[in-house]
Amino acid sequence: MYKSLIAATAAAGLAALSAAPAQAGHGSAVGAGLAGFGIGAILGSALTPREVYVVPPPPPPPVYYAPVVYAPPAWSPAWYDYCGRYPGFDPRTGYYVGPGGRPYFCR
């Protein structure tokens, strides 16, 4: 259907343009320009896809929040009481011996 419409439009446009030679000063250039514009509009609308698929934007990345943990400020009396519950806590350094023998700073 589209090929025959395009062929018919092109044939009509060529017949309209070749019917009379263009002469300077008689407005033929304006008529030829309007005819070309009309033919281009018809061909352009015939060749345009009917449905355009637009890819939706990707979802935003997930937001991760760190778990909220209460601990008193370091080196305060409450901090010494809080960290004293860990076995192996050294109040001079602020570290305690955790699982596997690794030292961890008490927070």
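The values are calculated or read from the model by the stated rules, or taken from the named source; none is laboratory data. Since the structure is predicted, the reported quantities are computational estimates derived from the model, not experimental observations. Here Cβ is always computed from backbone atoms with ideal geometry, including for glycine, and neighbour counts include all displayed protein chains.
When you look at Ala46, is it in a helix (DSSP H, G or I) and not acidic (Asp, Glu), yes or no? If you could, list the steps in order and put the result at the bottom.
Working: in a helix (DSSP H, G or I): yes; not acidic (Asp, Glu): yes.
Taking the combined requirement at face value, the residue satisfies it.
For (1) at pLDDT 85 or above; (2) acidic (Asp, Glu); (3) surrounded by 10 or more Cβ atoms within 10 Å (Cβ to Cβ), each residue gets a yes or a no:
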residue: Leu17; (1), (2), (3): no, no, yes
residue: Gly36; (1), (2), (3): yes, no, yes
residue: Pro57; (1), (2), (3): yes, no, no
residue: Tyr65; (1), (2), (3): no, no, no
residue: Trp75; (1), (2), (3): yes, no, no
residue: Trp79; (1), (2), (3): yes, no, yes
